[in-house]
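As structure tokens, the structure follows; a few thoughts come after it.
The values are calculated or read from the model by the stated rules, or taken from the named source; none is laboratory data. These numbers come from a predicted model, not from an experiment. Please note: Cβ atoms are built from the backbone with ideal geometry, for glycine as well, and neighbour counts cover all protein chains shown.
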Amino acid sequence: MGSRSSHAARIPDVDSLRQETGFSQASLRRLYDRFNALDRTGKGYLSRMDLQQIGALAVNPLGDRIIDSFFPDGSLRLDFPGFVRVLAHFRPVDEEDDGNRDPKEPEPLNSRMNKLRFAFQLYDLDRDGKISRHEMLQALRLMVGVQVTEEQLESIADRTVQEADEDGDGAVSFLEFAKSLEKMNIEQKMSIRILK
Amino acid sequence: MLRAALPLLGLPLAGAGATEEPTQEPGSPGEPPPGLALFRWQWHEVEAPYLVALWILVASLAKIVFHLSRKVTSLVPESCLLILLGLALGGIVLAVAKKAEYQLEPGTFFLFLLPPIVLDSGYFMPSRLFFDNLGAILTYAVVGTLWNAFTTGAALWGLQQAGLVAPRVQAGLLDFLLFGSLISAVDPVAVLAVFEEVHVNETLFIIVFGESLLNDAVTVVLYKVCNSFVEMGSANVRATDYLKGVASLFVVSLGGAAVGLVFAFLLALTTRFTKRVRIIEPLLVFLLAYAAYLTAEMASLSAILAVTMCGLGCKKYVEANISHKSRTAVKYTMKTLASCAETVIFMLLGISAVDSSKWAWDSGLVLGTLFFILFFRALGVVLQTWVLNQFRLVPLDKIDQVVMSYGGLRGAVAFALVILLDRTKVPAKDYFVATTIVVVFFTVIVQGLTIKPLVKWLKVKRSEHHKPTLNQELHEHTFDHILAAVEDVVGHHGYHYWRDRWEQFDKKYLSQLLMRRSAYRIRDQIWDVYYRLNIRDAISFVDQGGHVLSSTGLTLPSMPSRNSVAETSVTNLLRESGSGACLDLQVIDTVRSGRDREDAVMHHLLCGGLYKPRRRYKASCSRHFISEDAQERQDKEVFQQNMKRRLESFKSTKHNICFTKSKPRPRKASRKKKDGVANTEATNGKPPRDLGFHDTAAVILTVESEEEEDSDSSETEKEDDEGIIFVARATSEVLQEGKVSVGCSNKNPDKDPHMKFGGEP
């Protein structure tokens, strides 16, 4: 990495990106190099196929959903700012940030709530703001091995939704989702250390 | 004791004996010759090999007996049981024969018992993990061992000065340093034996294990240097000798590694040409690796490093070149040999301890050594980890440090080295021997026994106190998967610049030289499986018009499907089309009573069923089990499901977009190594990059000719004349274990946006 001499100036809109995402210069540099590496044909943007060619994602149960989360609203292209915006969710939470954050400013992308939102939208495929029982079942199907039968999966899905559902509408809203995970150390679980 | 068993086998011996020349006939002329002997006792001719075979047999029988009791083996690691067995056997031999036979001879140990174990470790070492953590491994191996050696030696000397060690132990500072150097090395045999039972995460395992392998160079150098200093006498040591000592560290380690790599190269090269003589392939592997060991041993270089490097270096090419059966043969034989050697080592350790003529007891020395090795190891680990965490991407946390310091076991290598000491030069040898025996026993038995409960206790302590709800279970796994996926997207693993460079070099020169031509193409059987998987799936899917048809349900041919007792078409509809519509299924009414039991059942189901995210895999270096482990099975399942889904979405999108008819260029295997889809389109100036960070070789094959044959039946295939390019990546593990990442990609990805968005540079 060090022997690559490239200027930060080559990253488009680097300052606004830094502002928006909170990444350091070095991290943005690293991500930019990675973006270019993934973009094998030098198109300047990434398509789904580029991400699909990451071999390790093919053996990850949620691999395809994660790829989809990089392409919001059904777009087919992923440019660098979009790439960075999604990854900003995984920046480790700075301790100092919370204290003197201006409450009027929008929440930083890597806040706990935003991390949870990222996970939520992986479940909530139809973007209606709720995880229905059906969506839960689909997610379970992805994540559970084939030795668990369909009935068992359905009952697990039922129970899972029931546990989290407080207002009895048969679906898990974002707030209910966040509440069910209040004891989990999201900040640590959804952070990649190198993305400082 | 042994003779008692022999009459049972007297018959074969008699057969052998009767054909011998009657050499033992008493030749005195006065007596009449006794006549043709029907039965003769030829013990001496067969003694040596017979004893060897018998010991190995006893060890194996002991293993069988141990494993009869599940409970015992879950509590006590095998190495402990073997040592205790050795003690018992040694006691018996001592009582019967009144003298101790069957020691652990250093010669036998270094030449015959140690190489199989090291070869097995080196060959099956996960190379990517190893090189990712190489910095940490080297630090612990070199700096850690040096630290341990010097501090232990100095502390013991201090102990002696303070009078806690009896004066009959005549040892000066150099002697203590020598002792420190041989007692401080973490032993690969012991570490492997114990860590197999304790399931730690793979990073930790590779660090401890790598350290135990790489510190051999340091130990060898320190031992030799201190030995020579002791022989020269401390007064004669000059400054240049110290410098030479430091230089020899580099010579020994780098030289050993170089020897290993040379032999790896030779091995890879020879296996390239063994196509007609498949039967000798396993033999070649073993012979050349053993030759590497012996050559390094001969040149006084680090033999363990040589074998490790040989195994690491040759694996990728050898696996690609040799036949499937040979691969299995190599794997199995290596494991068998290593397991057998390990068993014999531990048993002999136990036996050797019994011979009290070889050792002399001094409490101060023994207790002091025990305390110091534990203390200084812990201290060293903490300090080094603190430094390393500044540089590492994934820090090593407290549990890891505890396991690392506690898991620094000493074993047979220390014992063999101490036996090698020259008593005339080192008068305190007997005391050292006793201390080494106690240390080895203590670490293997006590630490081996307690490390598992310790880890469990620590982990349980760290986790939440209340029982996690189903939600938390599920979501925790989700988060882990997400994190693993994003890490892969980001290219989380460090050093990838150098890895890329290495892989380019490898692709261009090495692989062409060392790998068989046909290995470039994806192995036929693997290719066939996945080809058939995708095309068959595609055909079936499309045949059914992309909808779910019959009530018998759609099951794609090779897909592992959930067995459902009442398989309704509604279920299938959901499964296959994955529609976003929220269908109100008839909830299968589970009995609501006994909620807690239900809870427990569900938890159990969920926990057992959830796919494990990457971090939780245990290391797959197991001496005792070769079965396809859960990770592979899981990967296969997930992979198949993912590919199926991608294929489906690919099919569904293609109906929306109309492609230009472009003749895909036939590109089968005439090109050797190409990367990615890039080469089918406009050339890119960028160096080809490997994203999977495995040792990969990317091959493009266009399947259009076969595909057109098969797709004659389905119309939708024909109308869009596109070639499905399977970009197949073969990793070294992949070829070995038969999984391939196959990505279906559209041939002309640029053209879609051009079609849709009206052109764009």
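For region B:355-411, which positions are of a type in the set (Asp, Glu) and free of Cβ contacts under 8 Å to residues at least 24 places away in the same chain?
B:Asp397
Here is a list: B:Glu281, B:Glu231, B:Glu211. Which entry is charged (D, E, K, R), crowded, with 20+ Cβ neighbours inside 10 Å and more than 30 Å from B:Thr385 (Cα to Cα)?
B:Glu281
Check B:Ser323 against each of (1) surrounded by fewer than 19 Cβ atoms within 10 Å (Cβ to Cβ); (2) in contact (Cβ under 8 Å) with a residue 60 or more places away in the chain; (3) farther than 24 Å from B:Leu138 by Cβ and name the one condition it does not meet.
Unmet for B:Ser323, out of (1) surrounded by fewer than 19 Cβ atoms within 10 Å (Cβ to Cβ); (2) in contact (Cβ under 8 Å) with a residue 60 or more places away in the chain; (3) farther than 24 Å from B:Leu138 by Cβ: (2).
Kindly indicate whether B:Leu38 is surrounded by fewer than 18 Cβ atoms within 10 Å (Cβ to Cβ), of a type in the set (A, V, I, L, M, F, W, C), modelled with pLDDT of 85 or more and over 27 Å from the mean Cα position of the chain (by Cα).
Criteria not met by B:Leu38.
Looking at A:Ser132 and the list (1) within 7 Å of chain B (Cβ to nearest Cβ); (2) closer than 28 Å to B:Arg633 by Cα; (3) at pLDDT 85 or above, which single condition is not satisfied?
(2)
Select from region A:48-76 the residues that are in contact (Cβ under 8 Å) with a residue 12 or more places away in the chain, more than 7 Å from every other protein chain (Cβ to nearest Cβ) and more than 13 Å from the chain's Cα centre (by Cα) and list them in ascending order.
A:Arg48, A:Asp50
Could you tell me how many of the residues in region B:41-55 are within 31 Å of the chain's Cα centre (by Cα) and modelled with pLDDT of 85 or more?
So the answer is 2.
Residues of region B:184-227 being within 24 Å of B:Leu458 (Cα to Cα), assigned to a loop (DSSP other than H, G, I, E, B) and among the aliphatic types (A, V, I, L, M), which ones?
Matches in region B:184-227: B:Val186, B:Val198, B:Val200.
Pick out the one residue from B:Gly180, B:Gly135, B:Gly153 that is assigned to a helix (DSSP H, G or I) and touching a Lys or Arg at 6+ places or on another chain (Cβ under 8 Å).
B:Gly135
Identify, by number, the condition in (1) under 15 Å from the mean Cα position of the chain (by Cα); (2) of a type outside the set (Lys, Arg); (3) not in a helix (DSSP H, G or I) that B:Gly311 doesn't meet.
(3)
Of the conditions (1) in contact (Cβ under 8 Å) with a residue 24 or more places away in the chain; (2) in contact with a Phe, Trp or Tyr (Cβ under 6 Å, 6 or more places away or on another chain), B:Ala136 clears all except one; give me its number.
Condition not satisfied by B:Ala136: (2).
Just to be sure, is B:Leu388 more than 21 Å from B:Gln103 (Cβ to Cβ) and either part of a loop (DSSP other than H, G, I, E, B) or within 25 Å of the chain's Cα centre (by Cα) (or both)?
So B:Leu388 fits the description; yes.
Quick check on this structure: which one of A:Leu142, A:Leu153 is at pLDDT 80 or above, under 18 Å from B:Leu470 (Cβ atoms) and in contact with a Pro (Cβ under 9 Å, 6 or more places away or on another chain)?
A:Leu142
Collect the residues in region B:353-368 that are closer than 26 Å to B:Glu78 by Cβ and surrounded by 24 or more Cβ atoms within 10 Å (Cβ to Cβ), keeping them in residue-number order.
Result: B:Ala353, single match.
When you scan region A:148-196 for helices (runs of 4 or more DSSP H) that lie fully inside it, which ones turn up with 3 or more residues that are closer than 17 Å to B:His604 by Cβ and facing another protein chain (nearest Cβ under 7 Å)?
Output list reads A:150-164.
Testing B:Val58 on (1) in a helix (DSSP H, G or I); (2) in contact with a helix residue (DSSP H, G or I) (Cβ under 8 Å, 6 or more places away or on another chain); (3) over 29 Å from B:Leu417 (Cα atoms), one condition comes back false. Which one is that?
The one condition B:Val58 does not meet is (3).
Got a number for residues in region B:235-250 being crowded, with 17+ Cβ neighbours inside 10 Å and either without any contact (Cβ under 8 Å) to a residue 24 or more places away in the chain or not polar (S, T, N, Q) (or both)?
Of the residues in region B:235-250, 2 are crowded, with 17+ Cβ neighbours inside 10 Å and either without any contact (Cβ under 8 Å) to a residue 24 or more places away in the chain or not polar (S, T, N, Q) (or both).
Which one of these is more than 15 Å from A:Arg77 (Cβ to Cβ) and not hydrophobic (A, V, I, L, M, F, W, C): A:Gln19, A:Gln52?
A:Gln19
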